[in-house]
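The values are calculated or read from the model by the stated rules, or taken from the named source; none is laboratory data. Everything numeric here is computed off the predicted structure, so don't read it as measured data. In this analysis, Cβ positions are derived from the backbone assuming ideal geometry, glycine residues included, and neighbour counts consider all displayed protein chains. Just the protein is used for accessible areas: all its heavy atoms, side chains included, with ligands, DNA and RNA removed. Shrake-Rupley method; radii C 1.70, N 1.55, O 1.52, S 1.80 Å.
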Amino acid sequence: MIAAIISKDPALRAELEAALETTVGVNSVLIIPEFPTASEICTLEDTGKKYIAFIDFHNNTERAIALAGEINRSCPSIGSVALNVNLSHADMIAVVRAGICEVLPKPFSSRDVETAVLNVSRKLAGVSGSTPGDGVVYAFLPAKPGSGASSLAVYSALACAQFEGRRPLLLDFDMRLGITSFVLKLDATNSIINALENAGRMDQTLWDQLVSQRGNLDILGSAPQEFGARVPLEHFLGVLKWARRQYTALAVDLPGTLEDFEIATMQQAGTIFLVCSPDLVSLHMAGHTIQRLRSLNLIDRVSVLLNRVDKRGALLMRDIERTLGLPICLTIPSDERSISEAVQDGTGVNPKGPLGKQVQAIAQKMVGNGPNGAHMAPPRPRKRFVEFFSVPQAKGLDPWRL
């Protein structure tokens, strides 16, 4: 998403720009020191990108209201956020009627900006829908290492690929402790690292060389153990963007450390499978993770998977749900035998076994939420030279000054 700051106040622009530079989901910042005309703001629709417009109401409330109204009427790919709004009853009614998505408080914090960007992103997705080629992301997030999220991601993706007409993708974003290549006995020399390193120049030929296959499942497997470099957030976003245009469903294995790339992935996810076990340590860590997801306004996407459930467990289900503050979506029994057999063969778990039946339920959810049929990238939007709205392509570049 591109952030456009529409304000005459240099100090306000600098403060907001600094906050946006560290905000997940914002790829670049556009500075607009004067109110654009209706035709100029509508030209952004031609770029095929999504924008969040921060509009300063301080010097000209009437003009700001008019601009916000035009955005609401004519620009479905732009969400608006108000700055310096007079909190009088009449002005707040005008702001709501103009279709403003969010209002930043005075003064605002980086967290306020992060929340506004996230909420606008979700509202844009809800109003205009995903791009026709965007597949659905299913993020598997462990409450703590060893919760079994990686195994569930692998076996659910394999089960999803068994449905007719489905060719999902498995992405191993657990950069330090990924196990997908081992579990599936992938002998390919390429891994997720190769895809991340080439994110900026990805094309179909290169992609076909990078992915491995198990039946109808495409895989970008785990990183090599000797890998130690830090991967920029933009590379993760680039791989996700490319992959969502090629696949209807993507299972993404996350490490659970809630780094920026994990948050960015979950912001694109249709469902976040939070995997925990019924022991007290795992439930304690799951509670902390849920609090963080709640603060990011991602809680409504979370489905809790209670893994390795033993009928002799000391905690009752209602006690666990009360502890987490969320319902348990699915309980998954301990089934070491099925996992051992699957790892030895590099295949999926037995669909008729205790674990396999629940894995099938997860896969069914992935199939049910996904779009029908394969979608490819839509045609490029028509080009138009509009210097006023030129923007850099990635966060970290100097924003254009007008």
*At a probe radius of 1.4 Å, what is the per-residue accessible area of residue 40, in Å² to the nearest 10?*
70
*Would you mind listing how long the chain runs along its three principal axes, going by Cα atoms, in whole Å with the largest first?*
69, 51, 39
*On the full set of protein chains, 1.4 Å probe, figure out the accessible area of residue 295 and give it in Å² to the nearest 10.*
40
*Label-point separation, residue 18 to residue 319 (7 Å along Cα→Cβ), nm*: 5.0
*Can you list the aspartates and glutamates whose alpha carbon is less than 16 Å from that of residue 8, not counting same-chain residues fewer than 8 positions off?*
17, 34, 56, 62
*Holding the Cα-Cα limit at 31 Å, pick out from 185/352; 185/357; 123/352 the pairs that are longer than that.*
123/352
_Antiparallel content of DSSP bridges confined to the chain, in %, to 5_ = 5
*Loop trypsin sites (Lys or Arg not before Pro), the stretch 1-60 (other Cβ atoms within 10 Å of the site Cβ: 15 or fewer; DSSP)*: 8
*So what is the 222 nm mean residue ellipticity for the chain from helices alone, if each DSSP H run of at least 4 adds -39500 (n - 2.57) and you divide by all residues, rounding to the nearest 500 deg cm²/dmol?*
-12000 deg cm²/dmol
*Can you tell which of 172, 56, 203 shows the greatest fluctuation in a Gaussian network model of the chain with Cα springs below 10 Å?*
203
_With a 1.4 Å probe and all protein chains left in place, how much accessible area per residue does the stretch 134-217 have, in Å²?_
40
*Rounded to whole Å and sorted largest first, what semi-axes of the equivalent ellipsoid does the C-alpha gyration tensor of the stretch 209-279 yield via the square root of 5 times each eigenvalue?*
20, 17, 15
*Counting only protein chains, not ligands or nucleic acids, how are 167, 301 ordered by accessible area (probe 1.4 Å), most first?*
167, 301
*asked:* From the protein chains alone at 1.4 Å, what is the descending order of accessible area for 262, 21, largest first?
replied: 21, 262
_Using only the heavy atoms of the protein chains and a 1.4 Å probe, how would 205, 331, 248 rank by accessible area, largest first?_
205, 331, 248
*Quick one: length gained pulling residue 9 to residue 205 fully straight, 0.36 nm per residue minus the C-alpha distance?*
65.8 nm
